[in-house]
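Reviewing the structure listed below.
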Amino acid sequence: MSQEKNDNTYTAPNQAQKSQKEKTMVASRINSLATIDITQATTLEEQAIIMQNNLEKENSASAYSDNIASYYPGKYQKHTVVAEAPKKEEKKDGYISSYVGDYDSNPAKNRIANLGNDVAFVQGHLNRLGILSDEHFIAEKPATEKEINKSKIPHTIVAIEYFQREILSCKIDGEIWPGKGNIKSLVALTVEQKDAKHLEYLKNKKEAEAKAAADKAKAEKKAEIERIKKEPATEKNLQKYYTELGNIEAFGKFLKDYVILNPEFVIKAYDLMDFGESDNLTRAIMYNLKDSEIEKLQDTLDLKFYESLDAGWTVDEEYSMMSKLKAGKNSKNEVESSTRKTSEPLKFEKVDEKYKSGLPGLYGSRNNFNKYLSKTELKGDVGNDSGSKKAPNNKEDVILVRTKLKEKGFEVNSGKLSDLIVQIEAFQLTFLKKEKVDGNISPTGTTASKLGLNVSQSTIGSLSRTKDSKGEYTYSKGTDEKDYYSKTELISENIAKDDSKEENILKSAQEAATNEKYFKSITKELNVKLDWSLKDKNGESPKKENEGNKLSSVLEDRMSRFHKFCVALGIYKGNMLVSNAVRSKTKSHKWSAEHFILYNNKQDHWKTIKSNLIEMYNNPDYRIGTKVKDLDGNIWAIQKHFIFSKNDSEKNKAIGIDYSLVQEYVDQKKYRSNKKSIAAEGYISGNRRLPLPESGRPGRSKHITGDAIDINSNGFINKNDAIIDLIAINFGIVRCASGEQWHFECTDLRVSNSEQELVEHEKR
């Protein structure tokens, strides 16, 4: 290092002039630094070593230096070592010169915040990693290289916080620092590494939350047990609870937890009961007790229960409860109670012939059920306006959203709607795909679902069936009974009013579908069945087996049980005539082509059919004389329907067609009586069957594989009524064909043990 000589410049003495201490210091600068005592006045030689050390640090990548004043403030400032200016190095890739994010410039500390180039650099990497959306990247990209205010980059700050929290798992301050800190990690990180770290964060967070929730629940349970044990058994205290709960049933349910932990509290509750109410309270308590808990009852409480049930008029239900009590097991009433008949689990009430539920229509698609398979806690949208739809931001909805965001770690610190929207966007950025970030929460949307504001019970699906090389059928796993009936109950709750006739009908339907004893009790007097004797115009009866395919035995059994229940209820009259079951591919193709030629022009089907008919006429393989036939031999057009080329060399070539003549011709054939109803194709996709279109044509009919059945729907007193469909799904079947009240298929209800026996027989 060269140094110019002036009044304030230190000039190092030559080697001959140096003392032994100075020679030692020059020989080892590092050791020299260690020997300097900065609590004492430093020599010029020691000051030079300190300044040299600082200059070298200033030229390093982790630049940070003090001046001599920091060692001895104010005393040696006039003694300055003038160093040669170091060469300016190019900024290494990944480094920035200012703090970026939630930081304000601090001149006192010589720290600058949010220079335009640095902000854009950080935004670019956040966007590359999918943390900052394209929309916010474009909107917040600085237009200047100069310092910008952090209020201009709110989404960038949210993205930085996300990066710190869920990728680096470090302190969250919304800042990216110059140097080798988080900026280096940001630049070096790949998308794959980001995704892996985010998954690890979510896993750790979930485990931590689960542990915290478990610990909290355990602590709360322990605290509640201690509270119950110490609850004063005073009449005043009990009267307070009784008044708050409002009725004996709720009071009995409340007392359930005191039975084992504080029996004196429960016994004292009987002092509040008027004449004739003690047995009602006992029933209300025992409804909520497990048999194992009844076995552990304190003797005094056990006797209290028994005496209350035995007093006055005693019904079958009370005798059953008495038999479970210790006092009753040695009682003379034990034999009597064991011989009494119990009541049916549900009251079954038949409807009259004029019955109509008035519920909204459901048949025609599984999606008609699926829209009733969710519950939401929000009354309206919250946050940003969505398209042309204004978010009402109801006060109670906003409070609920704030609470849920806080539970997820997103704190809204002010009452401003704009701050709430920023946190909604941050949540969406974290838990949804970046294109879903709009700052809006709709009651049934994905954001509400992720926040736990609506509950989905999946969908009403289909029980598929496949046939192996040996011709044996295998059914898909399906939805287990518990989960399946939670779906049917949710649909019923969302569509039928509480305590209505419809609610009672559906409770009976579920009981009949799951309880064989109950089913037999309400259908034992019926002599009705599925009737296979109906013949079509060609004298053919519906088939249970056709072209190597068999009717699903599970579907047939469910239809039979559903039919009997409907007859017992009074909504179907007599035998249920089967009109179609397993259908041949040729018949399905014929019916499908007839329907689409005459009635269905979705996706420009007619345009494609016209083109196909012209192609068929010009191909000898599809002609019989002047008639156009398909590969199954069905005639769809004749010569006079076509327009021919006037060119002599192509005078017999069809170039157009009068489609109205084709439709008139096909309509006269009357292949199917209800040809206005959609008919699915008989052949699988890829096996081209003109004149139907190959692309966008109707799917393959379930009748081909034996997984659908058609019945005479005129037997229903009101074949369009939604109560039919709600009963049907309880029995594991559904009307899912548009416009066809007669078409039934299986839902996704898992094959039961009794149905499995039918499946085994089906294999044989």
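From the set of residues in the range 601-644 that are polar (S, T, N, Q) and closer than 16 Å to LEU690 by Cβ, which is nearest to the chain's Cα centre (by Cα)? Don't jump to the end; show me each part of the working.
Keep residues of the range 601-644 that are polar (S, T, N, Q), which gives 601, 603, 608, 611-612, 618-619, 626, 634, 639.
Still in the running and closer than 16 Å to LEU690 by Cβ: 608, 611-612, 618-619, 634.
Details: THR608: 39, SER611: 44, ASN612: 44, ASN618: 53, ASN619: 52, ASN634: 48 Å.
Within the range 601-644, the match that is nearest to the chain's Cα centre (by Cα) is THR608.
Just give me the residues in the range 107-135 being open to solvent by less than 10 Å² (accessible area, probe 1.4 Å), in a helix (DSSP H, G or I) and under 16 Å from ASN149 (Cβ atoms), in sequence order.
GLY116, ASP118, VAL119, VAL122, GLN123
Pairs needed: first member in the range 150-169, without any contact (Cβ under 8 Å) to a residue 24 or more places away in the chain and more than 20 Å from LYS197 (Cα to Cα); second member anywhere, among the polar types (S, T, N, Q) and part of a loop (DSSP other than H, G, I, E, B); C-beta distance under 9 Å; at least 6 residues apart or different chains.
What qualifies is LYS152/ASN114.
Could you go through the range 457-475 and let me know if any residue there is among the aromatic types (Phe, Trp, Tyr), closer than 23 Å to SER365 by Cβ and outside any strand (DSSP E or B).
no
Can you tell me which of (1) of a type in the set (Gly, Ala, Ser); (2) part of a loop (DSSP other than H, G, I, E, B); (3) more than 30 Å from ARG700 (Cβ to Cβ) is the one ALA426 doesn't meet?
It is condition (2) that ALA426 fails.
Does ILE138 satisfy the condition of being in a loop (DSSP other than H, G, I, E, B) and either among the β-branched types (Val, Ile, Thr) or at pLDDT 95 or above (or both)?
no
From LEU526, LEU490, grab the single residue that is in a helix (DSSP H, G or I) and either of a type outside the set (Val, Ile, Thr) or open to solvent by less than 30 Å² (accessible area, probe 1.4 Å) (or both).
LEU490
Kindly indicate whether ASP291 is within 18 Å of ASN237 (Cα to Cα) and loosely packed, with under 14 Cβ neighbours inside 10 Å.
For ASP291, the condition - within 18 Å of ASN237 (Cα to Cα) and loosely packed, with under 14 Cβ neighbours inside 10 Å - is not met.
Could you tell me which numbered condition ALA568 fails, if it satisfies all but one of (1) out of contact with any Phe, Trp or Tyr (no Cβ under 6 Å at 6 or more places or on another chain); (2) open to solvent by 40 Å² or more (accessible area, probe 1.4 Å)?
Every listed condition holds for ALA568 apart from (2).
Among (1) buried (at least 18 other Cβ atoms within 10 Å of the Cβ); (2) aliphatic (A, V, I, L, M); (3) touching a residue at least 12 places away in the same chain (Cβ under 8 Å), which single condition is LEU417 missing?
Answer for LEU417: the failing condition is (1).
What number of residues within the range 703-714 are open to solvent by 10 Å² or more (accessible area, probe 1.4 Å) and over 17 Å from THR747 (Cβ atoms)?
2
Restricting to the range 264-281, and then to whatever is of a type in the set (Phe, Trp, Tyr) and open to solvent by less than 50 Å² (accessible area, probe 1.4 Å), can you tell me which residue is modelled with the lowest pLDDT?
So, considering only residues that are of a type in the set (Phe, Trp, Tyr) and open to solvent by less than 50 Å² (accessible area, probe 1.4 Å), the one modelled with the lowest pLDDT is TYR270.
Under the condition of being under 38 Å from the mean Cα position of the chain (by Cα) and not in a helix (DSSP H, G or I), which residue from the range 563-585 is farthest from GLY682 (Cα to Cα)?
My answer is ILE571.
This table checks each residue for (1) modelled with pLDDT under 85; (2) more than 36 Å from the chain's Cα centre (by Cα); (3) assigned to a loop (DSSP other than H, G, I, E, B); (4) under 30 Å from ASN575 (Cβ atoms).
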| residue | (1), (2), (3), (4) |
| --- | --- |
| SER649 | yes, yes, no, no |
| LYS669 | yes, yes, yes, no |
| ARG672 | yes, yes, yes, yes |
| LYS676 | yes, yes, yes, yes |
| PRO698 | yes, no, yes, no |
| HIS703 | no, no, no, yes |
| ASP710 | no, no, no, yes |
| ASN714 | no, yes, no, yes |
| ASP725 | no, no, no, yes |
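Would you mind finding the one in SER588, SER533, SER521, SER560 that is open to solvent by 10 Å² or more (accessible area, probe 1.4 Å), in contact (Cβ under 8 Å) with a residue 60 or more places away in the chain and not in a strand (DSSP E or B)? Explain how you work it out, then say what you get.
Values: SER588 fails: open to solvent by 10 Å² or more (accessible area, probe 1.4 Å); SER533 fails: in contact (Cβ under 8 Å) with a residue 60 or more places away in the chain; SER560 fails: in contact (Cβ under 8 Å) with a residue 60 or more places away in the chain.
None of the others qualify; the one that does is SER521.
Give the residues of the range 632-660 that are exposed (fewer than 12 other Cβ atoms within 10 Å of the Cβ), under 16 Å from GLU615 (Cβ atoms) and in contact with a Phe, Trp or Tyr (Cβ under 9 Å, 6 or more places away or on another chain), sorted by residue number.
Correct list: ASN652 only.
Report whether or not LEU261 is touching a helix residue (DSSP H, G or I) at 6+ places or on another chain (Cβ under 8 Å), more than 30 Å from PHE431 (Cα to Cα) and open to solvent by 50 Å² or more (accessible area, probe 1.4 Å).
Criteria met by LEU261.
The values are calculated or read from the model by the stated rules, or taken from the named source; none is laboratory data. Bear in mind the structure is a predicted one, so any value in this text is a computation, not a measurement. A quick note on method: Cβ atoms are made from the backbone with ideal geometry, for glycine too, and the neighbour counts reach across all protein chains shown. What goes into the accessible areas is simple: the full protein's heavy atoms, side chains included, and nothing from ligands, DNA or RNA. Shrake-Rupley method; radii C 1.70, N 1.55, O 1.52, S 1.80 Å.
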